[in-house]
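S.K.: I have a structure here, written as C-alpha cells, and I will follow up with some questions on it.
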Amino acid sequence: MTFEIKYKDARGRAGVLKTPHGTLKTPALMPVIHPGKQTLDVSKYGAEMVITNAYLIYKNMDLRVKALKDGVHELINFSGPIMTDSGSFQLSLYGDIDVSNREIVEFQEKIGTDIGTSLDIPTPPFVGRRRAEEEMEVTLSRAKEALEVRNSLMLNSVVQGSTYPDLRAKCAQTLSEMDFDIHPIGAVVPLMESYQYSTLLDVIMASVENLPDSRPRHLMGAGHPMIFSFAVALGCDFFDSAAYILYAQDDRLLMPDGTYKLENLVEMPCSCPICNSYSPEELRIMKKAERTKLLAQHNLHISLAEIRQIRQSIADGSLWELVEKRCRNHPYLLDALRKMKKYTSELERYDPPYKKTAFFYSGPESLNRPEVHRHLERLNRLPRKKRLLLLPPTEKPYSKHVDQGVMNFYSNMKISDYSNTKIPDLAKFSGENLQIVVVDIPFVVIPLEIDEVYPLAQNEAPQTMDQDARKFLRDHLERFVEGYQEILVSAEALEIFNIPLENLDITGNPFHENEIKIPSINSLLNDEIKIRYIADYQFGSGSGKALFDGETNIIKSKKTGKIRYIYDGDDLIATLRARDGVLVLGMEGARRLHSHLPYPINRVVVNEDAEPFAREGKSIFAKFIIDCDMNIRASEEVLVVNQDDELLAFGKSILNAEEFTSFNTGQAVKTRKGGF
Ligand code: GUN
Ligand code: ZN
C-alpha cells in the first residue's frame with residue numbers, strides 16, 4: 001500500500017492511496033456497510049472505499065461461512081478497497097465481546113479484508129487517568145500482537161488515551177514506530193455526539209502531531225459533513241459514515257451546515273436527485289423503509305459532495321476559507337476554530353506559504369491563520385531603517401495606489417493636534433533611510449517593497465474593522481515600530497486604527513501640503529531595493545545581497561510594467577512570478593544562493609542513487625531524501641544538493657521538511673533545472 005500527497009493546505013493533504021483493491025483519492029469518506037443488511041450500492045454515489053464490521057460477520061454463522069468461502073468483497077458486494085473494524089465499538093457498547101484479538105485479526109485476514117483493525121479499547125472521554133493509561137497499554141499490546149499474527153493483511157492501529165493529550169501523544173508515538181498502514185483516532189464519537197469540538201481539537205492535535213506524516217489518519221466514527229473540513233485542516237484523511245443511514249432512519253437530513261428534520265421541512269434542502277424529485281410531504285407520507293432509503297441517498301450525496309469540495313479546496317489553497325465557513329454552523333465549532341489559535345505555529349509548518357487563491361478575511365478568527373503569523377515572523381528578515389512612514393491602506397497592490405493615498409494623507413493632517421512637533425523635510429527623504437509601510441488588516445505592516453508578494457496583495461478584508469482586528473493591529477504595530485528613530489504617521493491612519501500616539505513616540509508630525517513639496521512615494525522606491533527585499537523576505541536575511549549583488553539587469557513586462565526577469569549578463573538569476581510576486585530561481589540564482597546560504601539552509605539533500613536524476617533535472621522523490629533544512633515549507637523554492645553539499649538542481653517543494661523525511665513514496669520536489 002502506498003500513500004502520496006498531491007496537494008497541501010493548512011495541515012490537510014489531498015493525496016492518493018493505493019490498496020490491493022484499487023487506488024482512491026484522499027481525503028475520503030468510507031460509508032459503513034452493514035453486512036447482510038445493506039441495500040444501497042454506495043459506489044453509485046462516489047464512495048471509493050467502504051468499511052464494514054468483521055465482528056458482526058464473525059458472530060453470524062451464515063455471514064461467517066459465506067465470508068470465509070467467497071471473501072468479504074463478495075459478501076458485501078463491493079469490489080473496491082474494504083476496511084474492517086474489529087468489534088471494539090461493540091466492546092465499548094456492551095463491555096465485553098466473545099472473540100479474542102488474535103482471533104479477530106486472523107479472521108479479517110482470512111476473509112480478504114484490505115485493511116484490518118485490532119481489538120483496541122475505546123476509552124471514553126474524561127475517565128480517570130489510571131483507567132485511560134491501563135486501557136491504552138492494552139490497546140498497544142493488542143496492536144503489537146496484530147502485527148505478529150498477520151501475514152499480508154494491512155493494519156489499522158487506533159490511537160487511544162481518552163482526553164489526556166499526553167497519553168494520546170504517547171500512544172501515537174509508540175504506534176508510529178511500528179509497521180502499521182493507517183492510524184485511526186479512536187473513541188471520539190462521544191465528543192462529537194456532545195458537540196465537544198474544542199476537546200476534539202486537542203485530541204486530534206495531540207494524535208496527529210505524533211503520527212508519521214506518511215500514513216493516512218482516520219477520524220473514527222466521524223460521519224457528519226459539518227466537521228469534515230475542520231478535521232481535514234488538522235491532518236485527518238479518512239472518515240467513516242454510519243450517520244448516512246442512522247440519520248435517515250431517524251428522518252433526519254445531513255447537510256454541511258447541520259442537520260435538518262424532515263418533519264420541519266417545507267422545502268428540500270439541496271439539489272441532489274432525491275431533493276430534486278420529492279417534496280418533503282411526499283417523503284413524509286411514504287412507507288418508512290422506502291423513505292429511509294431515499295433519505296440515506298440524500299445523506300450520501302451530501303457527505304460525498306462535501307469530501308469532493310474539501311479536496312478541491314486543498315488543490316485551490318482555500319481550505320481555511322471553507323473551514324471558517326463550516327465552523328460558523330455551530331457555536332461550539334466556532335469555539336474550536338477560535339481555540340485553533342494555540343496551534344497556529346504547529347499548523348504553520350505544514351501550511352504552504354504560496355497558494356493559488358486569495359486569502360479571505362472572514363472574521364477575527366482569520367487573524368490566527370498561519371499566513372498572518374508567518375508574515376509577522378518573516379518581517380524580521382528585512383533590513384531595518386531609521387525612519388518609518390506609516391500609511392493607511394489603499395486598494396491593492398498598495399504601491400500602485402499609494403500616491404493617491406499620500407495625497408489624502410497630507411490633506412487630512414490635523415495640524416492643531418500636533419502643533420508642537422517639528423515639521424520634517426520630507427523632500428529630503430530617500431528610500432535609503434525611510435521605510436514606507438502600509439498598515440492594514442490582517443497583515444498589519446506591509447513594507448511597500450514586498451507589497452505584491454503573496455498573500456500581501458492577494459487578500460481581501462472588509463473595510464469596516466472589527467474590534468479584535470483593531471486590537472490586533474495596535475498590538476502588533478506597537479511591537480513593530482520599536483527601534484525606529486523617527487515615525488511618521490498619517491492622521492488618517494491614526495484615525496482608522498485608533499493608534500495611541502503616546503505609545504508610538506511619534507516625532508516629526510505633522511506637515512501640510514502647502515508647506516512641503518509632496519514627493520511621490522513611488523519615486524522613493526527603487527527596483528534594486530525591491531528585489532532584494534523580496535529575496536530576504538522569501539529566503540532569509542542577506543539573500544537579496546547574495547542574489548543581486550553587482551550588475552543586474554532588470555527586465556520588465558511591456559504590458560504591465562512589472563519586474564519579470566533579473567539577469568546578470570546572459571545568466572538568469574530569477575524570475576518574478578506575476579501571479580504571486582514570488583522569486584523563482586534561475587541557474588545563476590540557485591548558484592548564488594547556494595554559495596551564500598550556509599548548509600543546511602534551504603537545502604534538500606539526496607542520496608547517491610538520486611544524484612544522476614537530480615542532475616538531469618528529474619523530479620525528486622521522497623525516498624531519496626536523506627536530510628533537509630527543517631524550516632522548508634511546501635511550495636517554496638529549494639536547492640537540491642548531495643551529501644557533500646554540491647548543488648545538483650533546484651525546484652519547488654511539494655512537501656514540507658517533516659514530510660520529506662517521513663515519506664518513502666511520491667514526489668517531494670518538482671525540479672525546475674539540474675545540470676550544474
Ligand atoms: N468506531 C468508533 N470509535 C472507535 C474506536 O475507538 N475503535 C474502533 N475500533 N472502532 C471505533
Ligand atoms: Zn438532497
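S.K.: Residues of segment 191-208 with amide nitrogen under 14 Å from the 7 Å Cα-to-Cβ point of ASP335?
M.R.: Once the point is set 7 Å along Cα→Cβ of ASP335, 191-202 turn out to lie under 14 Å by backbone N, inside segment 191-208.
S.K.: Going by average Cβ neighbours within 10 Å, how do the peptides 215-225, 355-365 rank, with the highest at the top? Let's see the in-between values first.
M.R.: On the way: 215-225: 25.5, 355-365: 18.2.
Going by the mean number of other Cβ atoms within 10 Å, highest first, we get 215-225, 355-365.
S.K.: Is it possible to state the helix-based mean residue ellipticity at 222 nm for the chain, with each DSSP H run of 4+ residues giving -39500 (n - 2.57), the sum divided by total residues, to the nearest 500 deg cm²/dmol? What is it?
M.R.: Computed mean residue ellipticity for the chain: -11000 deg cm²/dmol.
S.K.: Could you work out the local net charge near PRO600, counting Lys and Arg as +1, Asp and Glu as -1, over the other residues with Cβ closer than 10 Å to its Cβ? Display every interim value, and only then the final one.
M.R.: On the way: positive: ARG603; negative: ASP627, ASP629, ASP645.
Counting the neighbours of PRO600, the net charge comes to -2.
S.K.: Modelling each spin label as a point 7 Å along the Cα-to-Cβ direction, I'd like the LYS356/THR259 distance in nm, to one decimal.
M.R.: 3.6
S.K.: Something else now. What net charge is computed for the residues neighbouring ALA574, neighbours being all others with C-beta under 12 Å from the C-beta of ALA574, Lys and Arg scored +1, Asp and Glu -1? Can you show the working numbers first?
M.R.: Values: positive: ARG532, ARG564, ARG577, ARG591, ARG592, ARG672; negative: ASP568, ASP571, GLU588, GLU637.
Around ALA574, the charge tally is +2.
S.K.: Follow-up question, since we're still on this one. If you bin the C-alpha pair distances of the chain every 10 Å from 0, what whole percents do you get?
M.R.: All Cα pairs, binned at 10 Å, distribute as 3, 14, 21, 21, 17, 12, 7, 3, 1, 0 percent.
S.K.: Another one. Amide H neighbours of LYS673 under 5 Å, at least 5 residues apart or on other chains, H built in the peptide plane: list them.
M.R.: When sequence neighbours closer than 5 places are left aside, the close amide H contacts are PHE650.
S.K.: Another one. Under 5 Å between amide H atoms, partner at least 5 residues away or on a different chain: which partners does LEU572 have, H built in plane at 1.01 Å?
M.R.: HN-HN under 5 Å from LEU572: MET587, GLU588.
S.K.: Suppose the chain between ARG328 and ASN553 were pulled fully straight at 0.36 nm per residue; how much longer would it get relative to their current alpha carbon spacing?
M.R.: 76.0 nm
S.K.: Then there is this: Relative contact order for the chain: what is it in percent, counting Cα pairs under 8 Å that are at least 6 residues apart? Mind showing how you got there, number by number?
M.R.: Numbers: 1356 pairs, mean separation 68.2, N = 676.
Relative contact order, the chain: 10 percent.
S.K.: Full-extension gain between ASN522 and GLU460, please, as 0.36 nm times their residue separation minus the C-alpha to C-alpha distance. If you can, show how the numbers build up before the last one.
M.R.: Working: separation 62, 0.36 × 62 = 22.32 nm, distance 2.30 nm.
Going from the current span to full extension adds 20.0 nm.
S.K.: Of PRO165, LEU191, HIS218, which is farthest on the positive side of the dipole of segment 141-260, counting Cα position, with +1 on Lys and Arg Cβ, -1 on Asp and Glu Cβ, and the Cα centre as origin?
M.R.: PRO165
S.K.: Express the relative contact order of segment 568-676 as a whole percentage, based on alpha carbon pairs under 8 Å and six or more residues apart in sequence.
M.R.: Over segment 568-676, the number comes to 26 percent.
S.K.: Sort the following peptides by mean Cβ neighbour count (other Cβ atoms within 10 Å, averaged over residues), highest first: 284-296, 621-633.
M.R.: Answer by packing, highest mean first, reads 621-633, 284-296.
S.K.: Normalised by the number of residues in segment 98-198, what is the relative contact order in percent for Cα pairs under 8 Å and 6+ residues apart?
M.R.: The normalised contact order for segment 98-198 reaches 30 percent.
S.K.: Below 12 angstrom from the Cβ of GLU646, what's the summed charge of the other residues (Lys, Arg +1; Asp, Glu -1)?
M.R.: Net charge in that neighbourhood comes out at -1.
S.K.: Step through the residues of segment 369-377 one at a time and calculate ³J(HN,Hα) from phi using the Karplus curve (6.51 cos²θ - 1.76 cosθ + 1.60, θ = phi - 60°), rounding each to whole Hz and writing x for Gly and Pro.
M.R.: Using θ = phi - 60°, the values come out as 5, x, 4, 5, 4, 5, 4, 4, 5 Hz.
S.K.: Oh, and also: Tell me which trypsin sites (Lys or Arg not before Pro) from segment 1-101 have a DSSP coil assignment and no more than 10 other beta carbons within 10 Å of their own.
M.R.: Sites meeting the loop and neighbour criteria: LYS37.
S.K.: Residue by residue through segment 154-159, which ³J(HN,Hα) values in whole Hz follow from phi under the Karplus form 6.51 cos²θ - 1.76 cosθ + 1.60 (θ = phi - 60°), with glycine and proline marked x?
M.R.: Listing the rounded values in order: 7, 10, 7, 9, 8, 7 Hz.
S.K.: Quick check: the angle from helix 197-208's long axis to the longest principal axis of the chain, C-alpha only, nearest 10 degrees?
M.R.: 90
S.K.: Short version: ³J(HN,Hα) in whole Hz for each residue of segment 140-151, in order, from phi by Karplus 6.51 cos²θ - 1.76 cosθ + 1.60 (θ = phi - 60°), x for Gly and Pro, what are they?
M.R.: So the J values, rounded to whole Hz, are 5, 5, 6, 5, 4, 4, 4, 5, 6, 7, 6, 9.
Read the figures in this text as sums done on the coordinates, not as results from a lab. Everything numeric here is computed off the predicted structure, so don't read it as measured data. Cβ: placed from backbone, ideal geometry, glycine included. Neighbour counts: every protein chain shown.
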